[in-house]
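Down below is the structure, laid out as structure tokens.
The values are calculated or read from the model by the stated rules, or taken from the named source; none is laboratory data. From a predicted model like this one, the values you see are computed outputs, not experimental measurements. Neighbour counts run over all protein chains shown; Cβ positions are idealised from the backbone, glycine included.
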Amino acid sequence: MEEGERMMEDHVMDLFGEHFEEWMDNNGVISGGFCSWSETPSLPEDHPEHASSLEANFESAEVAIELITSDGERVTITLSSGIVVEKSDNFPVKLMDELKEMALKGPSKVHLSEG
């Protein structure tokens, strides 16, 4: 495992606690990987403000993790702020409730919010 990937895994453990991987295994949830997420949109390349929108997007970006159930339902959660930025309509309520509980009880004691 590379150093950057290990750092991301540490952030996940800070958010959800040490039993997160076990929870994933028990519930058939896999990681879709890490991504950069920002509320600030990047404007099209032909837009005069394209460069400044890219800079603003980069500056406001957070690292997020995507989780995927065995049924293909997905949720994406930012690691530093604990915001659910994307969620499939049919993502299981039980799993979402368990994620919220783990985040509240985890080392960082974060209240997951569904943005």
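Which residues, taken from the range 57-73, are of a type in the set (Ser, Thr, Tyr) and assigned to a loop (DSSP other than H, G, I, E, B)?
Thr69, Ser70
Do we have any residue at all in the range 32-39 that's within 16 Å of Met102 (Cβ to Cβ) and either loosely packed, with under 13 Cβ neighbours inside 10 Å or touching an Asp or Glu at 6+ places or on another chain (Cβ under 7 Å) (or both)?
No, the range 32-39 contains no residue that is within 16 Å of Met102 (Cβ to Cβ) and either loosely packed, with under 13 Cβ neighbours inside 10 Å or touching an Asp or Glu at 6+ places or on another chain (Cβ under 7 Å) (or both).
If only one of Leu104, Leu54 is outside any loop (DSSP other than H, G, I, E, B), at pLDDT 95 or above and over 19 Å from Val29 (Cα atoms), which one is it?
Answer to the selection: Leu104.
All but one of (1) of a type in the set (A, V, I, L, M, F, W, C); (2) out of contact with any helix residue (DSSP H, G or I) (no Cβ under 9 Å at 6 or more places or on another chain); (3) under 15 Å from Glu9 (Cα atoms); (4) modelled with pLDDT of 95 or more hold for Val93, so report the exception by its number.
Val93 satisfies all of (1) of a type in the set (A, V, I, L, M, F, W, C); (2) out of contact with any helix residue (DSSP H, G or I) (no Cβ under 9 Å at 6 or more places or on another chain); (3) under 15 Å from Glu9 (Cα atoms); (4) modelled with pLDDT of 95 or more except (3).
Considering (1) assigned to a strand (DSSP E or B); (2) out of contact with any Lys or Arg (no Cβ under 6 Å at 6 or more places or on another chain); (3) of a type in the set (Val, Ile, Thr); (4) without any contact (Cβ under 8 Å) to a residue 40 or more places away in the chain, say which one Val85 fails and leave the rest.
(4)
Considering only residues of the range 62-81 that are closer than 14 Å to His11 by Cβ and more than 8 Å from the chain's Cα centre (by Cα), which is surrounded by the fewest Cβ atoms within 10 Å (Cβ to Cβ)?
Here the answer is Ser80.
Counting only residues that are over 21 Å from Phe91 (Cβ atoms) and outside any helix (DSSP H, G or I), which one in the range 1-30 is modelled with the highest pLDDT?
Glu18
Which ones in the range 30-85 are among the small types (Gly, Ala, Ser), under 25 Å from Lys109 (Cα atoms) and touching a Leu at 6+ places or on another chain (Cβ under 8 Å)?
If the condition is that a residue be among the small types (Gly, Ala, Ser), under 25 Å from Lys109 (Cα atoms) and touching a Leu at 6+ places or on another chain (Cβ under 8 Å), then Ser31, Gly32, Ala64, Gly82 are the ones that fit.
For Gly33, all conditions in the list (1) outside any loop (DSSP other than H, G, I, E, B); (2) modelled with pLDDT of 95 or more hold save one; what is the number of the exception?
(2)
So, Thr40, is that one among the hydroxyl-bearing types (Ser, Thr, Tyr) and in a strand (DSSP E or B) or not?
For Thr40, the condition - among the hydroxyl-bearing types (Ser, Thr, Tyr) and in a strand (DSSP E or B) - is not met.
Collect the residues in the range 36-51 that are out of contact with any helix residue (DSSP H, G or I) (no Cβ under 8 Å at 6 or more places or on another chain) and either of a type in the set (A, V, I, L, M) or modelled with pLDDT under 90 (or both), keeping them in residue-number order.
Across the range 36-51, the qualifying residue is only Ala51.
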